[in-house]
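> Structure provided below as structure tokens; questions to follow.
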Amino acid sequence: MYKEYHGVIPFLIGVFTQIILGSLLGIFFSFLIERASSKYLYIKGITVGSIAWIIFGISGTMFKLPLFFELPPNPAVVTFVGALIYGFFIAYFLNLLIKLN
């Protein structure tokens, strides 16, 4: 159904893609907070992380990507918790940047 790639080049492409997507989501979050307010920053960060998890999960299922299609419950929960942690940390680092400014 799909081919798993091993080696340095696929790993670097995966890391690069993860950094780009995470950066774009962080930039979106900072623009969102700039337009709204920094009140309840951590709740907003966790919400953005969970919405990103839903959007990426729906996109992966919609395009029938093998790693997303028919995802068992345990990996789904782990990726959801990871998205919540990511949302918390983008809020945390944005809070640090706001305090520095």
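> Take residue 36, project a point 7 Å from its Cα along the Cβ direction, then tell me which residues of region 57-101 have their backbone nitrogen under 15 Å from it.
87-92, 94-95
> Which one, 88, 16, 80, has the greatest fluctuation when you compute a Gaussian network model over the chain with C-alpha springs under 10 angstrom?
Highest fluctuation of the listed residues: 16.
> Shifting gears a bit: So for the chain, taking the charge dipole from beta-carbon charges (+1 Lys/Arg, -1 Asp/Glu), which of 53, 92, 5 sits furthest toward the positive end?
92
> Same structure again: Multiply the residue separation of residue 71 and residue 55 by 0.36 nm, subtract the distance between their alpha-carbon atoms, and state the gained length in nm to one decimal.
Computed gain between residue 71 and residue 55 is 4.3 nm.
> Let me have the 222 nm mean residue ellipticity of the chain computed from DSSP H runs of 4+ only, each contributing -39500 (n - 2.57), with the sum over all residues rounded to the nearest 500.
-27500 deg cm²/dmol
> Taking θ as phi - 60°, what are the ³J(HN,Hα) couplings along region 26-36 by the Karplus curve (6.51, -1.76, 1.60), each to the nearest whole Hz, with x for Gly and Pro?
Values, residue by residue: x, 5, 4, 5, 5, 5, 4, 5, 4, 6, 8 Hz.
Any read-out appearing in this document is the output of simple, stated calculations on the displayed coordinates, not a laboratory observation. Computed from a predicted model, the values in this text were never measured in an experiment. Reconstructed Cβ throughout: ideal geometry from the backbone, glycine too, with neighbour counts over all protein chains shown.
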